[in-house]
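Contents: one structure, followed by commentary.
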Amino acid sequence: LLDVDNGPEGLTRKENDWLYSINGLTAAYAALRPQGVLAVWSAGPDKTFFQRLRKVGFEVDELRVRAHGSKGARHIIWLARRGR
């Protein structure tokens, strides 16, 4: 699970932007075995990031989850699976 910064934009540290870029996601894709999964947490939705994951070749599911069980703020976890 990649939980860096507040999501796909380096809000806290600009150095984190590379992780969420096409180049960073391509490196993550290449590092995974077939059917491997990259999970990415975010404080909120980001359609552009979802599309970027798909552009790299991931099969993507977007989960909306609560911070504390059934209470708390809603967050996003993307499950990005490398194909065969």
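The values are calculated or read from the model by the stated rules, or taken from the named source; none is laboratory data. This one's a predicted model, so the numbers in the text were calculated from it and none came from an experiment. Backbone-built Cβ (ideal geometry, glycine too); neighbour counts: all protein chains shown.
Things worth noting here:
- Identity of the residue in the range 27-40, under 12 Å from the mean Cα position of the chain (by Cα) and part of a helix (DSSP H, G or I), that ends up farthest from P8 (Cα to Cα): Y29
Conditions tested, residue by residue: (1) touching an Asp or Glu at 6+ places or on another chain (Cβ under 6 Å); (2) of a type outside the set (A, V, I, L, M).
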site: L25; (1), (2): no, no
site: A28; (1), (2): no, no
site: A43; (1), (2): no, no
site: Q51; (1), (2): no, yes
site: S70; (1), (2): no, yes
site: W78; (1), (2): yes, yes
site: R82; (1), (2): no, yes
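- R54 satisfies every condition listed in (1) free of Cβ contacts under 8 Å to residues at least 12 places away in the same chain; (2) more than 15 Å from R81 (Cβ to Cβ) except (2).
- Scanning the range 41-50 for residues that are part of a strand (DSSP E or B) and in contact with a Phe, Trp or Tyr (Cβ under 7 Å, 6 or more places away or on another chain) gives no hits.
- Residue, surrounded by the fewest Cβ atoms within 10 Å (Cβ to Cβ), within the range 51-84, restricted to residues that are touching a helix residue (DSSP H, G or I) at 6+ places or on another chain (Cβ under 7 Å) and part of a loop (DSSP other than H, G, I, E, B): G57
- Taken over the range 14-26, residues that are modelled with pLDDT of 90 or more, closer than 14 Å to V40 by Cβ and more than 12 Å from the chain's Cα centre (by Cα) amount to 0.
- Single residue of the range 35-84 satisfying the filter (within 16 Å of Y20 (Cβ to Cβ) and acidic (D, E)) that is modelled with the lowest pLDDT: D46
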